[in-house]
1. From the square roots a ≥ b ≥ c of the eigenvalues of the alpha-carbon gyration tensor of region 98-138, which class results: rounded (a/c under 1.5), prolate (a/b over b/c), or oblate?
2. ALA88's amide H: which non-local residues (gap 5+, or another chain) put their own amide H closer than 5 Å, with H modeled 1.01 Å from N in plane and none for Pro or chain starts?
3. If THR515, THR205, THR399 are ordered by their accessible area, calculated over protein heavy atoms with a 1.4 Å probe, which sequence runs from highest to lowest?
4. Find the Rg to Rh ratio for region 168-312, where Rh is the Kirkwood radius over alpha-carbon pairs and Rg uses the same atoms.
5. Determine the gain in length on full extension of the stretch ALA88-ASP349; use 0.36 nm per residue of separation and subtract their C-alpha separation, reporting nm with one decimal.
6. What is the list of residues in region 419-440 whose amide nitrogen lies under 19 Å from a point 7 angstrom out from the Cα of ARG195, following Cα to Cβ?
7. About the Cα centre of the chain, what is the dipole size in debye to 20, counting +1 per Lys and Arg Cβ and -1 per Asp and Glu Cβ, all else neutral?
8. To make sure I understand the rule: partners must be lysines, Cα under 26 Å from the Cα of LYS506, and not fewer than 8 residues away in the same chain. Which ones qualify?
Amino acid sequence: MTVRRRVLVAAAAALSMGLSTGLAGCSLPGGSSKPPVTPLPSTARTPPAGSEALAKFYGQTLAWKGCGLGQCAALSVPLDYAKPDGEAITLQVVRMRATKKSQRLGSLVVNPGGPGASGVDYARAADVIVGKPVRQRFDVVGFDPRGVQRSSPVDCLSDQEMDGFLAQDPTPDDPSEVTKYLGSMKVLAAGCLQRTGPLLAHISTEETAKDMDILRSALGDAKLNYLGKSYGTQLGAVYSGLFPQLVGRFVLDGVLPTDLTWEESAVGQAEGFERAAHSWARDCVDRGSCPLGDSESAVMSGLGDLLKRLDTTPVPMRDGRESELTEGWATLGVAQAMYDTRLWKPLTDALRQVVTEGTGTKLMLLSDEYARRNPTGKYTSNLLEAFYAISCLDNPGSTDAKFYEDLVAKASVKAPVFGPALAWGAATCISWPVKGDGPRKISAEGSGPIVVIGTTRDPATPYEWAVRERDQLANARLLTFDGDGHTAYTSSNKCIDNAVNDYYSKGKVPADNTTC
């Protein structure tokens, strides 16, 4: 789950397109603003000081061509930034032109999260992911980061092997199960190294942030305007730390702080999913005939008991693709529904089928949605593999199995239902063959104002993390959405939408601690 194994990958599915329920009005304390900013001038395509060896990359011009929906181009970046004269790789980029070209302010680069989600696919939904005032005045630009989908994709497992990996018991209960579980992590790591090769050591968030500055230059923008959701907030924060003077209008929605430890990530997200599940449980009871109980506490207990029962006694499937619904698949399906309140009723219906009919077909549909798996059982993107590979390079965590056993105990106290799976999920990187720099605080001294958005009952990126990011960044403003679901902008709340739209299109910076 998001703690570097499973759940955050679904940010790519839910991200801003998930419909959150919440308050229609908002409280705006005071209000700080800046006058509208004139259109950004084209940059002289030169690298930042100290990066002169990258001049050939910074000097490139994108050759845009129609590609069905939008315009596409290829961006060349170095495989290894320490060797700019060495091998180069190609990133795929898409541009959705501003609808009012006469009022165009520049480009807005977007990233939906993951890590591993396609920025190309995300940008093509420009009419949904940004407000109309933003759509009118900015070219919405997305790129598939290095290692993702169309940009030198990471490969680790065959589809059949991935099926087994996701179906396995996510909460090993005894030493033999722990050994088997950790053995699967070795297989994943070895597969990534064998199938991906040297690229596996060069798909870190820092390298992608450097790619993003080359993209800024190629787009002709003096500063980078950016919208990052979920993991995309981490990418944006890393960029702001590397290039603070080049930060334009930045929005980070659903924050994943850059300095989270493994324990903080596992326990924090376990609490976030538990909190979201309690909201779903109340909804289940309020709708009537909830299959797991007639009170919030009974439903939560029933959900935990059901997952444990599937651990020992999986239920059969009807569609023939899978022989049975395991605890592993069921956990993914339940997690998927926590991202988006529109999936709460389908989750309730799916659980009713498991309880009353003893089949898991409907819940498996949610699991497939999470895993990017089509009705034929084929994975439609490499999101999961890229997620593991990028996350483990950024922060491989501990190589001691005892660390994860202790982490399970801590997480289970705070989150009885989700804690064990999330804590064991952190062990995905235990055998990772390449190492990165690990977590670090970022202040981005000298940057322009960065808008940070937190949702109070966000399952994957707890609200407290947004507060933490605001406190760490030197020039940040916090927008709070009192609601459910993962991320807030363009998710049904006009207060949030208006604040962000005004920031991008008018340069009006929202007041810190604005609550919607």
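1. On the way: a/c = 3.02, a/b = 2.31, b/c = 1.31.
Prolate, because a/c is 1.5 or more and a/b exceeds b/c.
2. Amide H neighbours of ALA88, under 5 Å, 5+ apart: LEU79.
3. Values: THR515 60, THR205 5, THR399 100 Å².
Ranked from most to least accessible, the order is THR399, THR515, THR205.
4. Details: Rg = 21.6 Å, Rh = 19.4 Å.
Ratio of gyration radius to Kirkwood radius for region 168-312: 1.11.
5. Values: separation 261, 0.36 × 261 = 93.96 nm, distance 4.95 nm.
My answer for the length gained is 89.0 nm.
6. 428-434
7. Working: 54 positive and 58 negative charges, 454 e Å.
Using only the charged Cβ atoms, the result is roughly 2180 debye.
8. Within the straight-line limit of under 26 Å, LYS506 reaches these lysines: LYS34, LYS100, LYS101, LYS132, LYS223, LYS229, LYS494.
The values are calculated or read from the model by the stated rules, or taken from the named source; none is laboratory data. These numbers come from a predicted model, not from an experiment. Quick reminder, even Gly has a Cβ in these numbers, built from the backbone with ideal geometry, and neighbours come from all protein chains shown. Only protein heavy atoms, including side chains, enter the accessible area calculation; ligands, DNA and RNA are left aside. Shrake-Rupley method; radii C 1.70, N 1.55, O 1.52, S 1.80 Å.
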